[in-house]
Amino acid sequence: MPSRPDGIVIAIDGPSGAGKSTIARLLAERLGYIQIDTGAMYRAASFLLSRAGIELDDYSALEQFCRNLDIRLEVISGKQFVYANGLDVTDQIRTPEMSLLTSRTSSLKPVRDALLQAQQKMGSRGGVVLEGRDIGTVVFPDAEIKFYLSASVEERARRRCDELTRAGEIVSLTETIADVTERDRQDSERDIAPLRQADDAILVDSSRLTVEEVLTGMITLCRNKIVTLESLP
Ligand code: DC
């Protein structure tokens, strides 16, 4: 029998642009699991910090503020909504300014401590797909299955460029490669919970694979794991 009432914990970590959100959403849909986008939670926390005008080097104000953080995720008709202290911030957290701010706020201990607790609580019953940078290493080191989803810097930058072009923005691939490289550096070089592949995570390189190919492989591994755990006495 699985040790969690609602199923297993599936951890997906990896650098930005590797396709974690798409894969986590589809995986959750097909397994009937809940998707927890921890990046969206860090973005929502940044939104609130910025709106409250909290100086990021004012540690006591930051700690005080983080004690009352309430970030919730909800999926309505297949779309994920993000609520920060009761406010729907789904669209506001996806701007380039929020991405930039979040790469700073997500390195701060009070922010990480608050969200770590919230994420552990949200996933404790199982039946969840959590995606982020530190799920398999810090949030759920005991996750039943862990993936590290990656792709080359060039491929991730190319995908990002395509996305921005579709949204009507003019961007250069060279600049996007530099951005992606810088975000990788910030995520993997910070002191607390840096981006790192857990020792027991399965590495999936999506550079030359379609979404469906990545998903098919991952879903098979997850189903096998679920069946194996269910057949245990
Ligand atoms: O996945 P994303 O781009 O929405 O993440 C936004 C930021 O939050 C990014 O700078 C990495 C950070 N993050 C983190 O530090 N830990 C997580 N578990 C998830 C995201």
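Residues in region 102-119 that are of a type in the set (Ser, Thr, Tyr) and not in a helix (DSSP H, G or I): SER106, SER107.
Give the residue, chosen from ARG43, ARG51, that is in a helix (DSSP H, G or I), within 16 Å of the ligand (Cβ to nearest atom) and charged (D, E, K, R). Residue meeting the stated conditions: ARG43.
For region 50-83, a residue qualifies if it is touching a residue at least 40 places away in the same chain (Cβ under 8 Å), more than 18 Å from SER21 (Cβ to Cβ) and open to solvent by less than 40 Å² (accessible area, probe 1.4 Å), and the qualifying residues are LEU56, LEU62, CYS66, LEU69. A count restricted to region 96-110 and to residues that are open to solvent by less than 50 Å² (accessible area, probe 1.4 Å), within 12 Å of the ligand (Cβ to nearest atom) and over 11 Å from ALA44 (Cβ atoms) stands at 6. The sole residue among ILE177, ILE202 that is more than 16 Å from the ligand (Cβ to nearest atom) and closer than 24 Å to GLY7 by Cα is ILE202. Any residue at all in region 24-40 that's under 27 Å from ARG156 (Cβ atoms), open to solvent by 30 Å² or more (accessible area, probe 1.4 Å), in contact with a Lys or Arg (Cβ under 9 Å, 6 or more places away or on another chain) and in a loop (DSSP other than H, G, I, E, B)? No: zero hits. Could you tell me whether region 160-174 includes any residue that is outside any loop (DSSP other than H, G, I, E, B), surrounded by fewer than 15 Cβ atoms within 10 Å (Cβ to Cβ), hydrophobic (A, V, I, L, M, F, W, C) and modelled with pLDDT under 90? Checked region 160-174: at least one residue is outside any loop (DSSP other than H, G, I, E, B), surrounded by fewer than 15 Cβ atoms within 10 Å (Cβ to Cβ), hydrophobic (A, V, I, L, M, F, W, C) and modelled with pLDDT under 90. Going by the conditions given, is LEU209 away from the ligand (no atom under 16 Å from the Cβ), open to solvent by 50 Å² or more (accessible area, probe 1.4 Å) and among the hydrophobic types (A, V, I, L, M, F, W, C)? In short, yes.
The values are calculated or read from the model by the stated rules, or taken from the named source; none is laboratory data. Small disclaimer: the values here were computed from a predicted structure and weren't measured. Glycine also receives a Cβ, built like all others from the backbone with ideal geometry; neighbour counts cover every protein chain displayed. Just so you know, the surface numbers come from the protein's heavy atoms only, side chains and all, with ligands and any DNA or RNA stripped out. Shrake-Rupley method; radii C 1.70, N 1.55, O 1.52, S 1.80 Å.
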